[in-house]
Every structure is written in C-alpha cells, then in structure tokens.
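Enquirer: My structure is below; once you've seen it, I'll send some questions.
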Amino acid sequence: MTPPSGFGHSCLSKDSSADVTLHLRARLRDPESFVRLAAAEVLAKRIDPSLAPISWLLTDRNFEVRLSAVQFLGRIRDPEIAQALLPF
C-alpha cells in the first residue's frame, strides 16, 4: 500500500503543537512502513531535543524510516545521540 500524495507533510510539518507531536509519535509505531516514514519525515524537519527518545527508529526494518531518524537525530547536539549514530 502506498501513501496518498503529500500525505499531510505540508500541514503537519508547519504545526508544532503538542497534540500534533503526540499524534505523530503514535504513528511511529504503526504497522505500515509508509505511515512510520511519513511521521518520521515530518518529525525529522523539527529541531526538538525532546524528541530524541525516538532513537529506537534507528533499528526500524524500513531503510527510509531509519534514514529519517538519522537525519533528525543528526541535527540534535547531544553526545549520547552522536554515539548512537556512529554506526551509520
């Protein structure tokens, strides 16, 4: 199954409210990889250290989800996160 074109990226990436962030974080555990990817891509555009606990996405079975996690986590200046990114 493929996502609809645009899959909410434009709207969700502009809204950084706590409700939207909570919804996106919940979608990171969706069984469909395209849903996890869409949520990860939107979150990856934010520089919000409070989202650092999503580092578990580095082990997602979908390469594109892992890549989005690397892109997001790479922008957060945290030594522990930097260590987690070394293998990538």
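Enquirer: Pairs only if they're at least six apart or on different chains, beta carbon under 7 angstrom, first in the range 65-88 and farther than 13 Å from I54 by Cα, second outside any helix (DSSP H, G or I) and among the hydrophobic types (A, V, I, L, M, F, W, C); list them, first residue then second.
Expert: Close Cβ pairs satisfying both conditions: R75/I47.
Enquirer: Where in the chain are there helices (runs of 4 or more DSSP H), lying fully within it, with 2 or more residues that are at pLDDT 85 or above and not acidic (D, E)?
Expert: 18-27, 33-44, 63-74
Enquirer: Next question, about the same structure. Scan (1) surrounded by fewer than 16 Cβ atoms within 10 Å (Cβ to Cβ); (2) within 18 Å of A26 (Cα to Cα) for the single condition Q83 breaks and write down its number.
Expert: Condition not satisfied by Q83: (2).
The values are calculated or read from the model by the stated rules, or taken from the named source; none is laboratory data. Quantities reported herein were computed from a predicted structural model and do not represent experimental measurements. When we count neighbours, we look across all protein chains shown, and the Cβ atoms used for this are built from the backbone with ideal geometry, even at glycine.
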